[in-house]
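For reference, the structure discussed in these notes is given below.
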Amino acid sequence: MNFLIFLWNIFARLVSFFAFIALEIVVFTFLVGAVAGAGMPGLAGILTVVFTIWIIVDIILRIFIGGGKNLIKYIFRF
């Protein structure tokens, strides 16, 4: 029975990990699209690079530091 609980916890953590990353990508896509639609493609390009680095660092933090930490919590330390 404990093994089934272990498998469920692993599954739930993986789903929450990928769901959070997907949510970040969707939000960042909307932001970049709104900035590009407002006539500022240079700023949209810069934001694309910044958001890509943000997501990569967030993935690294979640894998090596722990699932409860994301970049905002790590920066503000709460």
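Each stretch of four or more DSSP H residues adds -39500 (n - 2.57); spread over every residue of the chain, this sum gives -29500 deg cm²/dmol at 222 nm.
The candidate values are (1) 3, 14, 19, 18, 15, 12, 9, 5, 3, 2, 1, 0; (2) 3, 12, 14, 21, 19, 12, 9, 6, 3, 1; (3) 3, 18, 25, 22, 17, 9, 4, 2, 0; the one derived from this structure for P(r) over Cα pairs in 5 Å bins from 0, in percent carries the label (1). Counting only C-alpha contacts under 8 Å and six or more residues apart, can you give the relative contact order of the chain as a whole percent? Computed over the chain, the figure is 22 percent.
Per-residue Cβ neighbour counts within 10 Å put Trp54, Trp8 in the sequence Trp8, Trp54, beginning with the fewest.
Approximating the spin labels as points 7 Å out from Cα along Cα→Cβ, the Phe30-to-Thr48 distance works out to 2.0 nm. For the residues Val15, Val57, Val32, a GNM of the chain with alpha-carbon springs under 10 Å puts the largest fluctuation on Val15.
Readers should treat all values here as calculations from the given coordinates under stated rules, not as data from a laboratory. In this text, all values refer to a predicted model and were calculated from it rather than measured experimentally. All Cβ positions, even for glycine, are placed from backbone atoms using ideal geometry, and neighbour counts span all protein chains on display.
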